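First comes the structure, then the notes that go with it.
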Amino acid sequence: MNHVANRPHRTLRTGAALAAAGAVDPGRIAEIDRVAERYSVAITPALLDLIDSANPTDPIARQFVPNPAELETAPGEQPDPIGDLTHAPVNGIVHRYPDRVLLTPLLTCPVYCRYCFRRERVGQEKALSETELSVALDYVRAHDEIWEVILTGGDPLMLSPARIAAIVAALNAIPHVRIIRIHSRVPVADPARVTPELLAALDGDKPVWMAVHCNHARELSPDARVACLRLAKSGIPLLGQTVLLKGVNDDAETMEALMRAMVESRIKPYYLHHLDAAPGTGHFRTSISEGQALMRGLRGRVSGLCQPDYVLDIPGGHGKAPIGPVYLHGDEVEDWQGERHEVR
Ligand code: SF4
């Protein structure tokens, strides 16, 4: 679906560049640039291709094209909504749960999502220096309860294959680290980065799992599906992370199409995140009861392979809690059609 007039070869970062590409009306340049002064902006050619600029409510544009509503911070919205910084013993590490840590080597992304929970930091802060990275790896080495290291950011696949290979090798050499997980939007936002060199960099002794962030079926373009296939053929299991977003995926048909497209792309839906309360994201927010209704809808419509866990990151850094619908009511359980049956 390419209604964009002039496909550029570079990532777009300004109102003028978006207007020149035909993605937005030139009358929006000033408002986009006002938002860009406050929050990072980037739209890759691959995602630009998916924007239907003739549709004022296009769900792809809504996720990536700046909106002046982002400059309004609602009560309850916080710069660090999931409390990363309250669990950061050293730069680049978030240690919230005993058996796993986040390692954030950089805060750069291929695209900047307008609802990002780290929007105050992504695209703004420098990557870890060699010294900081070495201190972060020392922290992992010193804590033998750490079973899993989750590389996130930012997007770790924005590093060169050589730097990724060095981090993967360092983690492979720590005996108590058994699992490496990578959170990325690259397979969707810039699938051309999934090269043989990248796959070689990820190929080590320990299992590498990848969580792919994807919010609409159209993001799984033919190129994105090829990228997923390459990763899967390299032995990397793929998990799906989706954020529930008003105007993007908050209706049953759209969510069903997304979940089916993920499974068809070899991605097992893992989490459906309730939107975190980052500043200027109110226009994306649904209620939890709306999210639960969507999950009930999915239960009745699609295979168990297509069911994610609906979760909320408890504000303040208290971790994730499942908030999906409840089917057990005392001595009765509900079936997928809403009928109750007695159980013992
Ligand atoms: S790719 Fe992830 S970290 Fe980067 S802007 Fe989007 S949500 Fe935020």
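The values are calculated or read from the model by the stated rules, or taken from the named source; none is laboratory data. Everything numeric here is computed off the predicted structure, so don't read it as measured data. Positions of Cβ are generated from backbone atoms using ideal geometry, with glycine treated the same way; all protein chains shown enter the neighbour counts.
If you go through segment 186-203 and pick out every residue that is away from the ligand (no atom under 12 Å from the Cβ) and free of Cβ contacts under 8 Å to residues at least 60 places away in the same chain, you end up with 10. On the given criteria, is Lys206 within 16 Å of the ligand (Cβ to nearest atom) and surrounded by fewer than 21 Cβ atoms within 10 Å (Cβ to Cβ)? No. Candidates are the residues of segment 161-185 that are part of a strand (DSSP E or B) and more than 16 Å from the ligand (Cβ to nearest atom); the one that is farthest from Arg114 (Cα to Cα) is Ile179. Of all residues in segment 118-138, those that are assigned by TED's automatic domain parsing to the domain that holds Val101 have Cβ atoms under 6 Å from Cβ atoms of residues that are away from the ligand (no atom under 16 Å from the Cβ), 6 or more apart or on another chain, in Glu132/Asn91; Val135/Val90; Ala136/Val90; Ala136/Ile93; Leu137/Ala170.
If you go through segment 316-335 and keep only what is part of a loop (DSSP other than H, G, I, E, B), loosely packed, with under 12 Cβ neighbours inside 10 Å and hydrophobic (A, V, I, L, M, F, W, C), you end up with just Val326.
Within segment 17-31, does at least one residue satisfy the condition of being in a helix (DSSP H, G or I), of a type in the set (Gly, Ala, Ser) and closer than 22 Å to Asn215 by Cβ? No, that holds for no residue.
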